[in-house]
Amino acid sequence: MGSTDGDDNGDEEREPAKVAVVGSYNAGYVAEVPHLPVPGETVTATNYEEVPGGKGSNQAVAAARLGADAYFVGCVGRDRRAETAYDLWDREGVDATNVAVVDEQTGLGIVFVEEDGENEIVVSPGANHKLDRERVRAAADTIGACDVLLTQLETSDDAVEAAVEIAADRGLDVVLNPAPARELPESLLQHVDFLTPNETEARTLAGRSPDDDVDPETLSAELRDLGVGTVVLTLGGDGALLDDGTERVRVSAPDVEVVDTTGAGDAFNGAFAVALAEGATPEETIRFGCAAGAASVTTFDVIPSLPSRGDLDVTG
Ligand code: RIB
């Protein structure tokens with residue numbers, strides 16, 4: 001996996017993959033609860049933490065931890081939560097040159113995690129919705145110099161569209177993690193090389209009810225009919241399915257003890273983008289993604305759970 005250059009000793013040295021991530025930052029308020037609340041119920045948390053989050057920033061950190069040069073494009077507010085974000089990017093080596101500071105509160109993510117590791121998340125976009133076409137276009141040269149664009153749906157349609165247009169123009173692979181899922185125009189989807197929903201998001205995108213009983217192969221075919229190049233359906237503990245219209249590849253996920261599933265999708269997407277940028281085969285890309293997703297669910301919270309290469313079990 002990866003582009004290489006010979007050094008003076010004749011040894012092969014891999015150049016870091018370059019991944020541009022256009023997306024959200026959310027300050028996270030995470031509570032561990034005995035069970036997820038039902039409407040009208042108050043549940044007493046056993047633990048509570050303030051942590052960095054947001055799918056875009058999480059995915060940029062995931063890519064950086066796996067050895068990529070990660071470039072994050074986003075917006076934060078003029079508040080103390082933004083300081084936590086800059087500390088994180090600094091510590092993790094994520095390039096934040098193209099993050100704008102705007103007159104809105106930094107985005108918020110409120111997360112409940114129950115004992116079996118399942119979660120409920122509410123996000124309040126705040127500054128993330130100030131990421132518009134103009135701000136993304138200002139980062140065009142940075143995005144254009146990368147191998148892969150990775151973006152999600154916690155920012156405005158304008159931002160996602162602008163990023164995808166730049167990447168398509170400059171010949172980057174475009175990975176869209178459609179989370180949280182919403183209806184997307186065909187004009188956008190036709191420029192998406194890799195669409196990476198989980199099953200719930202896939203059902204929504206396919207116009208089905210989120211809990212429809214439908215098999216992954218049918219779902220991936222329905223999503224390909226929307227005009228995307230390759231569908232990469234993540235199946236949680238069951239691994240992932242890649243469908244490019246001519247071949248379907250399915251891999252299983254390593255068997256692990258689940259502590260917290262929050263951010264498993266972010267770990268998968270960051271790793272998938274890195275593997276893609278390194279020239280991995282389709283099977284290797286999803287195996288790498290699944291290994292990162294599996295490693296991430298063994299630890300509480302997102303950032304502490306994002307793996308380095310040495311943490312990954314890619315044997316499937
Ligand atoms: O994918 C997990 C993330 O989703 C959390 O960090 C939360 O902030 C939301 O954006």
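Among the residues of the stretch 32-57, count how many are under 30 Å from residue 160 (Cα atoms) and crowded, with 16+ Cβ neighbours inside 10 Å.
The number of residues fulfilling the criteria is 7.
Going by the structure shown, is residue 279 surrounded by fewer than 23 Cβ atoms within 10 Å (Cβ to Cβ), out of contact with any Lys or Arg (no Cβ under 8 Å at 6 or more places or on another chain) and on the phi > 0 side of the Ramachandran plot?
The answer is yes for residue 279.
Can you tell me which of 73, 43 is among the β-branched types (Val, Ile, Thr) and under 14 Å from residue 149 (Cα atoms)?
Working: 43 fails: under 14 Å from residue 149 (Cα atoms).
Just a single option satisfies the conditions, and that option is 73.
Just one of (1) surrounded by fewer than 19 Cβ atoms within 10 Å (Cβ to Cβ); (2) within 16 Å of the ligand (Cβ to nearest atom); (3) under 23 Å from residue 202 (Cα atoms) trips up residue 266, so point out which.
Of the numbered conditions (1) surrounded by fewer than 19 Cβ atoms within 10 Å (Cβ to Cβ); (2) within 16 Å of the ligand (Cβ to nearest atom); (3) under 23 Å from residue 202 (Cα atoms), the odd one out for residue 266 is (1).
Hey, can you tell me all the residues within the stretch 162-188 that are crowded, with 16+ Cβ neighbours inside 10 Å and assigned to a loop (DSSP other than H, G, I, E, B)?
172, 177, 178, 179, 181, 184
What is the residue count in the stretch 23-62 for residues that are over 16 Å from the mean Cα position of the chain (by Cα) and basic (Lys, Arg)?
Residues flagged as over 16 Å from the mean Cα position of the chain (by Cα) and basic (Lys, Arg) within the stretch 23-62 amount to 0.
Among the listed residues 84, 151, 155, which satisfies the condition of being touching a His at 6+ places or on another chain (Cβ under 8 Å) and closer than 13 Å to residue 57 by Cβ?
Going through 84, 151, 155 in turn, just one is touching a His at 6+ places or on another chain (Cβ under 8 Å) and closer than 13 Å to residue 57 by Cβ: 155.
Among 273, 295, 253, which is the only one that is buried (at least 18 other Cβ atoms within 10 Å of the Cβ), touching a helix residue (DSSP H, G or I) at 6+ places or on another chain (Cβ under 9 Å) and in a loop (DSSP other than H, G, I, E, B)?
From the options 273, 295, 253, the qualifying one is 253.
Go through the stretch 189-218 and report how many residues are small (Gly, Ala, Ser) and loosely packed, with under 15 Cβ neighbours inside 10 Å.
2
What number of residues within the stretch 51-78 are within 16 Å of the ligand (Cβ to nearest atom), closer than 25 Å to residue 156 by Cα and charged (D, E, K, R)?
1
Report, ordered by the first and then the second residue, all pairs with beta carbons closer than 7 Å, sequence separation of six or more or different chains, a first member in the stretch 260-274 that is over 18 Å from residue 20 (Cβ atoms), and a second member that is more than 11 Å from the ligand (Cβ to nearest atom) and of a type in the set (D, E, K, R).
261/118
Rule-based calculations on the coordinates, nothing more; no lab input. Keep in mind that this is a model prediction, so the values were computed, not measured. Cβ: placed from backbone, ideal geometry, glycine included. Neighbour counts: every protein chain shown.
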